[in-house]
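What follows is a single structure, and I will ask about it in a moment.
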Amino acid sequence: EGSNKEQQPDCISAVIPGWFSEISPMWPGEAHSLKVEKILFQGNSEYQKVMVFQSSTYGKVLVLDGVIQLTERDECAYQEMIVHLPLCSISNPKKVLVIGGGDGGVLREVSRHSSVEQIDICEIDKMVVDVSKQFFPAVAVGYEDPRVTLHIGDGVAFLKAVPEGTYDAVIVDSSDPIGPAQELFEKPFFESVARALRPGGVVCTQAESIWLHMHIIEDIVKNCRQIFKGSVNYAWTTVPTYPSGVIGFMLCSTEGSPVDFKHPVNPIDANDSHSKSKGPLKFYNSEIHTAAFCLPSFAKKVIDPK
Ligand code: SAM
């Protein structure tokens, strides 16, 4: 009986050593954990702490400032949705800008679209690019496409310098609004995005979790409704290793030819010749595209009250 008492603290502490727990004020009172097989990289860049570890069940994991950015096992759900939701909603996208996304996964997905002629990416942190090329070749493969030009710098400054009406689509693959990505969630940034888009152009931004961040989402939606005169929509998907297991996207279009995001006009052909080096799509299809815009009632009440 006495041994029960002694075991209790052991049981609790046993889950700590050898596990990575994601603790952040962005999700107080909870922390998703993954078992660590081996730490492969740890470094401090000018902007953030960068870590890569081998997990026992999700493959390699990229962590920035203690927050999971991607795992080999579930990155497809995020990268495919953040790209194909906007690009399959317009016909013939040609010029695409990616902000953030230094791992290259978004580039990999954009390059599946054969109509695309130019892919610019502005990532603030070169260490993320280098580490991804070293440890995540199936993600960083996106950089191998000759249409890609990498700019290392702040996405906010980059967008301000873009001539008006340049892009068909802007994809904002940012980290959370604590640290270098903070401004990517603010109104002036969305204003520069709208300016950089052609009439009827589209933007898709990482827009947090309906379970955890309704207040942030409410603000983003309010700002976007003032700025984007085409349409403003929220979609979401499941990513098991993101806090709460879901992540959302803000999808907006500028005034011009109307965009109906819920009904893709540019379905992606998984057998496209551009896909060969990247493997097949694992998550996205046209049904899940349309379904992604259906919101649970508690979220609909805030995002789309009618
Ligand atoms: N693609 C990932 C996934 O699969 O979930 C998600 C996150 S991606 C690694 C987020 C990137 O945004 C980081 O590499 C970070 O350095 C970059 N970033 C943050 N703030 C930025 C800014 N102001 N301008 C450009 N890039 C920024």
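Go through region 48-69 and give me each residue that's of a type outside the set (A, V, I, L, M, F, W, C) and farther than 22 Å from His213 by Cβ.
Lys49, Gln54, Ser55, Ser56, Thr57, Tyr58, Gly59, Lys60
Look at region 104-132 and say how many of its residues are farther than 17 Å from Val162 by Cα, within 15 Å of the ligand (Cβ to nearest atom) and surrounded by fewer than 23 Cβ atoms within 10 Å (Cβ to Cβ).
Of the residues in that region, 5 qualify.
Considering only residues that are over 19 Å from Asp168 (Cβ atoms) and more than 15 Å from the ligand (Cβ to nearest atom), which ones fall in region 87-103?
Scanning region 87-103 gives no hits.
When you check Ala299 against the structure, is it at pLDDT 95 or above and either surrounded by 12 or more Cβ atoms within 10 Å (Cβ to Cβ) or of a type in the set (Gly, Ala, Ser) (or both), yes or no?
So Ala299 passes the test.
Quick one: count up the residues across region 153-182 that are closer than 17 Å to Gly102 by Cα, touching a helix residue (DSSP H, G or I) at 6+ places or on another chain (Cβ under 9 Å) and loosely packed, with under 15 Cβ neighbours inside 10 Å.
Count: 0.
Contact list please: Cβ distance under 7 Å, first residue in region 153-182 and more than 22 Å from Gly230 (Cβ to Cβ), second residue charged (D, E, K, R) and assigned to a helix (DSSP H, G or I), pairs at least six apart or on different chains.
If the second residue must be charged (D, E, K, R) and assigned to a helix (DSSP H, G or I), the pairs left are Val156/Glu183.
For Ser192, all conditions in the list (1) polar (S, T, N, Q); (2) exposed (fewer than 15 other Cβ atoms within 10 Å of the Cβ); (3) more than 17 Å from the chain's Cα centre (by Cα) hold save one; what is the number of the exception?
Checking Ser192 against (1) polar (S, T, N, Q); (2) exposed (fewer than 15 other Cβ atoms within 10 Å of the Cβ); (3) more than 17 Å from the chain's Cα centre (by Cα), the one that fails is (2).
Considering Gly101, Gly43, Gly66, which residue is surrounded by fewer than 16 Cβ atoms within 10 Å (Cβ to Cβ) and touching a strand residue (DSSP E or B) at 6+ places or on another chain (Cβ under 6 Å)?
Gly43
So, one more: Restricting to region 156-214, count the residues that are within 10 Å of the ligand (Cβ to nearest atom), part of a helix (DSSP H, G or I) and in contact with a Leu (Cβ under 9 Å, 6 or more places away or on another chain).
Count: 4.
Select from region 135-155 the residues that are more than 10 Å from the ligand (Cβ to nearest atom) and closer than 19 Å to Glu46 by Cα and list them in ascending order.
Result: Leu150, single match.
Any residue in region 66-92 that is on the phi > 0 side of the Ramachandran plot sitting within a Cβ distance under 7 Å of a residue that is part of a loop (DSSP other than H, G, I, E, B) and surrounded by fewer than 20 Cβ atoms within 10 Å (Cβ to Cβ)? List the pairs, counting only those 6 or more apart or interchain.
Final answer for the pair search is Gly66/Glu22; Gly66/Ile23; Gly66/Ser24; Asn92/Ser115.
The values are calculated or read from the model by the stated rules, or taken from the named source; none is laboratory data. Bear in mind the structure is a predicted one, so any value in this text is a computation, not a measurement. When we count neighbours, we look across all protein chains shown, and the Cβ atoms used for this are built from the backbone with ideal geometry, even at glycine.
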